[in-house]
Amino acid sequence: MAETARPGVSRRTAKRTDMLKRARIPLQRVLGPLGATLARHGVSPNVVTAVGAIGVTATALICYPRGWLFWGSFIITFFVLSDLVDGALARARGITGPWGAFLDSTLDRIADAAIFAGLIWWFARAGKPWLMGLCIFCLVAGNLVSYTRARAEGLGLHANVGIGERAERIVVILVATGLSGLGIPFVQAIGLWVLAVGSAITVGQRFHVVYRQAQT
């Protein structure tokens with residue numbers, strides 16, 4: 001049976017988005033048992049969410065401005081995984097709900113902002129104004145990616161499409177920053193350009209999808 005695209009979403013866009021989601025399934029299968037183990041010990045998913053966000057924020061604002069790019073990215077990666085663990089834990093305990101979703105999304109925005117703020121601080125200290133400006137653009141564009149989806153859903157529409165959702169953006173910035181910390185030249189600039197273009201395209205895709213839904 002042929003797959004039917006959602007209203008306002010082209011088949012190509014829907015297929016690309018579904019492929020990105022399927023790519024996350026193996027990691028979710030690994031984290032599922034971990035969530036079940038934490039649930040048996042009575043750990044709250046909201047605590048895991050908060051610890052992850054605090055860890056990312058503190059690490060980014062301490063390590064990145066000092067130029068500790070590799071170890072900062074390594075530690076942040078550990079805390080970012082909690083973003084998947086808390087979901088598995090909530091499902092295992094059967095306590096998913098609007099408060100947990102709200103807390104998770106809000107703390108994600110804070111953690112993302114801290115990562116880019118730390119890098120902006122580092123680029124300013126290192127005398128790299130072009131990378132600093134590019135990083136600011138990525139921060140703003142990333143917030144727009146999240147806002148367009150939230151605003152669409154608030155209007156009863158959907159905008160869960162695009163090539164640069166949060167998971168992809170975090171992977172790009174952490175990998176590029178970590179490799180840059182190992183001394184690999186140009187990788188930070190390449191990563192930021194990829195992130196900037198991908199985020200801008202995603203915002204455009206979401207504008208297009210919402211516009212098509214609003215016209216029907």
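For first residues located in region 105-126 and within 18 Å of S73 (Cβ to Cβ), partners that are modelled with pLDDT under 95 and hydroxyl-bearing (S, T, Y) and lie 6+ apart or on another chain with Cβ distances below 9 Å form the pairs D108/T49; D108/S146; D112/S146.
For region 180-200, which positions are in contact (Cβ under 8 Å) with a residue 40 or more places away in the chain and assigned to a helix (DSSP H, G or I)?
Let us first name the residues in region 180-200 that are in contact (Cβ under 8 Å) with a residue 40 or more places away in the chain, namely 180-182, 188-189, 192-193, 195-196, 199-200.
The answer is S180, G181, Q188, A189, L192, W193, L195, A196, S199, A200.
Filtering region 155-170 to residues that are part of a loop (DSSP other than H, G, I, E, B) and either at pLDDT 90 or above or of a type outside the set (D, E, K, R) (or both) leaves L155, G156, L157, H158, A159, N160, V161, G162, I163, G164.
Out of all the residues in region 179-206, which are of a type outside the set (G, A, S) and within 15 Å of the chain's Cα centre (by Cα)? Once the filter is applied, which keeps residues that are of a type outside the set (G, A, S) and within 15 Å of the chain's Cα centre (by Cα), region 179-206 yields L192, V194, L195, T202, V203. I'd like the full set of residues that are surrounded by fewer than 19 Cβ atoms within 10 Å (Cβ to Cβ) and basic (K, R), limited to region 158-216. Scanning region 158-216 gives R166, R212. Here L103 meets each of (1) within 21 Å of A58 (Cβ to Cβ); (2) at pLDDT 95 or above; (3) among the hydrophobic types (A, V, I, L, M, F, W, C) with one exception, condition (2).
Could we say that L144 is farther than 20 Å from L84 by Cα and among the aliphatic types (A, V, I, L, M) here? Outline the logic, then answer.
Working: farther than 20 Å from L84 by Cα: yes; among the aliphatic types (A, V, I, L, M): yes.
Yes: the conditions hold for L144.
Tallying residues that are in contact with a Lys or Arg (Cβ under 9 Å, 6 or more places away or on another chain) and touching a residue at least 40 places away in the same chain (Cβ under 8 Å) within region 80-92 yields 2. If the condition is being aromatic (F, W, Y) and closer than 21 Å to I110 by Cβ, then region 69-94 contributes F74, F78, F79.
Is there a residue being over 14 Å from the mean Cα position of the chain (by Cα), on the phi < 0 side of the Ramachandran plot and in a loop (DSSP other than H, G, I, E, B) anywhere in region 122-129?
Here is the first cut: in region 122-129, the residues over 14 Å from the mean Cα position of the chain (by Cα) are 122-129.
Add one more test, that the residue is on the phi < 0 side of the Ramachandran plot, and what stays is 122-126, 128-129.
Filter once more, so that each one left must be in a loop (DSSP other than H, G, I, E, B): 128.
The answer is yes, given that some residue of region 122-129 is over 14 Å from the mean Cα position of the chain (by Cα), on the phi < 0 side of the Ramachandran plot and in a loop (DSSP other than H, G, I, E, B).
Taken over region 180-211, residues that are over 21 Å from G133 (Cβ atoms) and not small (G, A, S) amount to 9.
A quick yes/no check of all residues on (1) out of contact with any Lys or Arg (no Cβ under 8 Å at 6 or more places or on another chain); (2) aliphatic (A, V, I, L, M); (3) crowded, with 16+ Cβ neighbours inside 10 Å:
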{"residue": "R40", "(1), (2), (3)": "yes, no, no"}
{"residue": "G94", "(1), (2), (3)": "yes, no, no"}
{"residue": "L107", "(1), (2), (3)": "yes, yes, yes"}
{"residue": "V145", "(1), (2), (3)": "no, yes, yes"}
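The values are calculated or read from the model by the stated rules, or taken from the named source; none is laboratory data. As the structure is a computational prediction, the values presented were derived from the model and not from experiment. Here Cβ is always computed from backbone atoms with ideal geometry, including for glycine, and neighbour counts include all displayed protein chains.
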